[in-house]
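Since every read-out is calculated from the coordinates, none of them should be taken as a lab result. Note that the coordinates shown come from a computational prediction; the quantities given were computed from them, not determined experimentally. Every residue, glycine as well, gets a Cβ built from its backbone with ideal geometry; the counts of neighbours run over all protein chains shown.
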Amino acid sequence: MNFGKAIEALKQGYKVARKGWNGKNQYIQYIPSKILNKQLKHDEKYTFSDVLAIKTSNDVIQVGWLATQTDMLAQDWEILPAMAIN
């Protein structure tokens with residue numbers, strides 16, 4: 001699947017990954033602002049924006065994932081079987 005379809009799947013609550021990634025069990029997930037604004041303590045005059053996060057091969061969730069050009073042009077994206085988060 002291409003990157004555009006992967007983004008649409010993320011927005012529907014699915015986790016996605018690339019078959020070509022060499023890191024074991026890595027995936028990307030979309031975290032909607034409504035979840036961040038509701039669940040994280042913060043000064044309420046500010047709000048969170050929607051973000052993408054990656055679950056790394058070291059089992060760390062890293063917020064603020066940015067796709068490389070290789071990721072954006074890849075055709076090997078896949079939807080992972082998982083529960084939707086939004």
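Quick notes on this one:
- A cut-off under 12 angstrom between Cβ atoms defines the neighbours of Trp77, and their net charge, with Lys, Arg +1 and Asp, Glu -1, is 0.
- The gain in end-to-end length when the Ile79 to Asp50 segment is fully stretched comes to 8.5 nm, 0.36 nm per residue minus the alpha carbon separation.
- Pairs of lysine residues in segment 3-80 - Cα separation under 26 Å, sequence separation of 8 or more or cross-chain: 23
- Net charge over other residues, Cβ less than 10 angstrom from the Cβ of Ile28 (K, R count +1; D, E count -1): +2
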